[in-house]
Structure formats: C-alpha cells, structure tokens
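The values are calculated or read from the model by the stated rules, or taken from the named source; none is laboratory data. These figures come from a predicted structure and were not determined experimentally. For neighbour counting, all protein chains shown are included, and Cβ atoms are generated from backbone atoms with ideal geometry for every residue, glycine included. Surface areas here come from the heavy atoms of the whole protein model, side chains and all, with no ligands, DNA or RNA. Shrake-Rupley method; radii C 1.70, N 1.55, O 1.52, S 1.80 Å.
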Amino acid sequence: MTITTTTLAKATVTDTPLGATASRTARFLGPVAATALLAATLSACGGASGGSADAGTAASPSPSPVADKLADDPLTAVRNAADITGRTGSVQATTQLTTESGAKKADFSGSGAYDYGKRIGRLEVQVPPGAATTGKVVEVVEPGIVFLQNSGAKVPAGKWVKLDVRQLADGNLISNGATDPATAAAALRGVQQASVVGEETVNGVLLKHYKGTLDLAKAAAATGGPAANGLQMAAATFTVKDVPFEAWLDPQGRLNKVTEVFSFAGVAGSKDPKDQVNVTSSLAFSDFGKPVQITEPPAADVVEMTESGSPK
C-alpha cells in the first residue's frame, strides 16, 4: 500500500490492503504534533490479520487459560496484561502524548473510557497550539474503526468522519493525539524483552514496574481480527521495530499504566537523526469494571469524505 501526503494535515490512500482501486482521502490533526507522521511519503503493505477473533478485546464468556493474577515471569506478566485487563469489563483512562522532532515538541492530553464487553471506547483529546483544529478532538474507537469529530477535516460542526484504521499510516496509534486503551494494551502482547524495574505504590495499590521492548507485528499476530489492523499498519510505518515500553501492573495482573515510544522518519526514507520523530504515548487506567455508556455516533451525523478531502 502506498500513502502519499501533500500537506501535514492530509493523506491520500491510493490503495487499500483489500485491493480497492479508488483512492480515499482523510484529514487529521495538524502540523506540529502526531500528524507530523503524515508529512512523509510512506510505503507499506499487508492486509488484515489471519486471526479469527479480537483476542482480549472483550470479556471472555468462557474460562480463560490466563489466570487473573500477576505472573512471576516478567515476560508472561506483561503479555497477559491485555487479556486480564479486558476481563475487568471496562476502564477509565487518561492519556498523554508527546511528539519531539529536533527542537520542536508538542503535547496532547486526553481522557475517556473503554467498554471491553461492547468493544467500544471514547476519548476527548486536547490539541496543542498550531494544530489544524482548536478545542477537543473526540474519538470513538472500535476494533479497526475510528470516528472523529473536530479533527480538522472540512466537515460541518458536530459531524463525524468514519475511517478504517488502515486508511491511516500509523493505524491510529498516534495520529489523532492519543493511543486508545485497547490498542495500547494489545501492543503488549508483542513484548520480546521485559524486566522488573521495581515496585511503586500508587493510590494505595502496590504496582510492579516493568520495562523492555515490544514488536508491533507480533502483537498484531497475537491479537488477531480487526483489532490487529492498526498494529499491523504501525508495524510497517514506524522505523524503530523494537518499541521501548514501560508498564505498571497490580497484583491481579491488570494494566494500571503503560508508556510506549514510537519513532518514524519525518522525511521520507531518511535515517538522519535530525529527521527522526519520537512520540511517547502514556495511558493511566483506573475504575476497573465501573459501568460506562458509549455508543457509536448516529448515522445521520457521520460524514463520508471525497477524494478532495471535502464532505459528500
């Protein structure tokens, strides 16, 4: 698949992993932060995962082979975190995303919730000065799909743009100012190295702190289904394949906090350090199992985009 951009806030997908021939255009947040990813011409290929289910993204109706307790082995403990967290039913999340390129730095912050039973989440992200929009960008995420409101696209106020994550060079891991809770946790299924840093007490809970590296392609294979699509796109796009992470797990093995560092070339094909962009995405999880109410935007409020980037 080839993704060519003409501005920092615009990407045209000329071929999809499904083999469609019509080009599609999507608009994103803007010039100085996560959407710097879209400033380059990127080439990637690969389709949906061969997995048959969105593993770990919903509460399992049958007993799981993974016990809801913290494993002694660091690699096992971190890899199990997505499944164990998913079985809590829901979480509240706060997000922080920082992009650094040379002397430029920008911060996004957000908050929201994820319902693992219905496999749907909602985040509200505050964008920094200089982005293509002001105020908050609202995201509703489902496996393989994202709805965006106030994303900088040329759509009427209050309307939403619906995208398949394979239309985004990074699979929506960072391009809209946050990593959603389910995807951030799913990435840990691809952990290749993990060690214990120590223990920390947060809000009265003793957490074990881990660090190491993960492989997004292997995380996608372990996740399967539409939930793997974003991980596959990111694996093809990011230039550093051994993604550094830190994770904080409670005695139940649930993910309480995770930080992942993604890197890509801000200038197509460049390996020059000055052209590299580093994005640190952090999420904190709380209120496990507290009921949340999240729904898709009404169909009447969802706008399709034309190839020129204008609404139909």
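Tabulated values for the structure
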| quantity | calculated |
| --- | --- |
| Protein-only accessible surface order, largest first, of 286, 281 at 1.4 Å | 286, 281 |
| Gain in span if fully extended, residue 211 to residue 267, counting 0.36 nm per residue against the direct Cα distance | 17.2 nm |
| Flagged links, alpha-carbon separation over 20 Å, of 208/241; 162/218; 208/290; 69/208; 136/159; 136/257 | 208/241; 162/218; 208/290; 136/257 |
| Cα→Cβ-extended label distance, 7 Å offset, between residue 295 and residue 68, nm | 2.9 |
| Ranking by accessible area, most exposed first, for 90, 111 with a 1.4 Å probe | 111, 90 |
| Amide H within-cut-off set for residue 303, under 5 Å, with H built and near neighbours excluded | 160, 161, 162 |
| Two-site FRET efficiency, residue 304 against residue 107, from Cβ-Cβ distance with R₀ of 45 Å, rounded to 0.05 | 0.90 |
| Overall Cα dimensions of the range 210-253 - principal axes, largest extent first, Å | 33, 24, 11 |
